[in-house]
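Everything on this sheet refers to the single structure shown next.
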Amino acid sequence: MTASSKKTLLIPAMFSMKCPSCRMSTVFVNKSMFPLGRCLALKDECEVCGEKLKSEKNNGGGINYALSMLLFFLNLLWYWPIFGLSYKDNSVFWYLGVSTTVVVLAQPYLMRLSRMIYLYLYVGFGHSRRVIVED
């Protein structure tokens with residue numbers, strides 16, 4: 001059985017940081033996000049299928065911005081029912097402070113997720129560069 005013939009689901013593979021081509025091996029050098037200085041270090045190529053993972057434009061910065069803003073506004077779903085928002089008191093400023101803190105704390109994961117979304121958009125499933133010959 002070849003590496004590309006094994007069927008894996010897209011969303012679980014993306015959130016578990018697997019290769020977009022074969023969805024079997026990990027993409028990042030460190031499985032953990034720590035140390036933060038190396039949290040975005042990608043492997044040069046996939047160990048299983050040989051897909052090139054690094055490119056000059058592989059940063060996903062726009063996707064990271066979109067995910068950050070999405071998380072910022074999704075904070076309304078839990079903040080508004082619990083604490084409420086009003087222009088008469090300082091609750092809007094408290095919301096902005098709490099949401100900013102949540103987004104900043106989630107940035108290492110959001111940066112990795114945006115890099116994975118970028119890879120999954122531009123690398124097709126099963127289109128590995130390495131040819132596997134079976135006897």
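The values are calculated or read from the model by the stated rules, or taken from the named source; none is laboratory data. Only a predicted model underlies this, so the values are computations on that prediction, with no experimental measurement involved. Cβ coordinates were reconstructed from backbone atoms using ideal geometry, including for glycine residues, and neighbour counts include every protein chain displayed. Keep in mind that these areas ignore ligands, DNA and RNA; they rest on the heavy atoms of the full protein, side chains included. Shrake-Rupley method; radii C 1.70, N 1.55, O 1.52, S 1.80 Å.
Among the helices (runs of 4 or more DSSP H) confined to the range 43-114, the ones with at least 2 residues that are under 22 Å from the mean Cα position of the chain (by Cα) and not aliphatic (A, V, I, L, M) are located at 61-74, 91-105. Determine whether Ser21 is over 14 Å from Ile117 (Cβ atoms), outside any helix (DSSP H, G or I) and without any contact (Cβ under 8 Å) to a residue 40 or more places away in the chain. When the stated conditions are applied, Ser21 does not pass them.
Restricting attention to the range 74-100, the residues being over 27 Å from Pro12 (Cα atoms) and loosely packed, with under 15 Cβ neighbours inside 10 Å number 18.
For the range 73-106, the set of residues classified as touching a Leu at 6+ places or on another chain (Cβ under 9 Å) and in contact (Cβ under 8 Å) with a residue 12 or more places away in the chain consists of Leu76, Tyr79, Tyr95, Ser99, Val102, Val103, Ala106, listed by residue number. Across the range 44-63, a minimum of one residue is classified as out of contact with any Leu (no Cβ under 9 Å at 6 or more places or on another chain), under 18 Å from Leu110 (Cα atoms) and at pLDDT 85 or above.
Among the residues of the range 46-57, those that are in contact (Cβ under 8 Å) with a residue 24 or more places away in the chain and open to solvent by 40 Å² or more (accessible area, probe 1.4 Å) comprise Val48, Lys52.
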